[in-house]
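The block underneath contains the structure these notes are about, expressed in structure tokens.
What follows draws every value from the coordinates through simple rules; no lab data is involved. Predicted model, so just to flag it, every value in this text is computed and none were measured. Glycine also receives a Cβ, built like all others from the backbone with ideal geometry; neighbour counts cover every protein chain displayed.
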Amino acid sequence: MKCQKCDKPATFHITELTNGKPVELHLCEDHAREYLTASGTETSPPGSMASLLAQHIMAQKMQVGQTAQELAELDQQSCPFCGITFFEFRNQGRLGCPHDYSAFQPQLEPLILNIHGEVEHAGKRPRKSPKVSERRTLLIRLRREMKEAVSEERYERAKELRDEIRRIESEPLE
């Protein structure tokens with residue numbers, strides 16, 4: 001989808017209630033920043049789009065019913081499998097593994113409903129077995145643990161994790 005003001009891809013989809021009716025805006029990052037700063041948010045130095053969007057939501061008295069403290073707590077919530085936090089998802093726009101849909105279900109359902117119009121999948125199903133997905137998820141978790149072990153200078157643990165990753169990757173797919 002293209003930005004409504006230029007030919008760049010629309011990366012921000014904003015829904016506002018105007019006279020009780022929802023109005024959708026599809027904007028690129030530049031026009032979204034311009035729109036959000038022009039619509040009454042504080043004139044602080046421009047930060048990330050996520051912070052501008054959070055300021056815009058707070059300026060409209062948290063229409064979603066969340067306080068700043070609840071939003072901060074939500075940002076700390078993480079997936080038990082891959083370890084991605086909701087804050088990382090908001091900044092990157094990508095989930096870490098299939099289990100994130102369960103971990104962040106209350107927050108993702110309104111977003112998915114807004115984008116797709118439904119929350120139930122009504123298309124093709126993957127041909128690969130669920131074991132392939134589980135293996136991929138396990139590898140994601142092990143790589144994240146290995147990265148954390150290296151950053152904490154626990155090299156023995158990192159070595160064990162590296163060996164485990166290599167062992168799993170060398171196993172044939174079923």
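Indicate the gyration tensor shape class of segment 99-169 (rounded, prolate or oblate), computed on the Cα atoms with a ≥ b ≥ c the square roots of the eigenvalues: a/c under 1.5 is rounded; otherwise a/b larger than b/c is prolate and the rest oblate. The shape class here is oblate. Of the peptides 11-18, 22-29, the ranking by mean beta-carbon count within 10 Å, highest at the top, reads 22-29, 11-18. At q = 0.14, 0.20, 0.31 Å⁻¹, what log₁₀ I(q)/I(0) does segment 68-107 have when each alpha carbon counts as one equal point scatterer in the Debye sum? Normalising to I(0) and taking log10 leaves -0.25, -0.51, -1.13.
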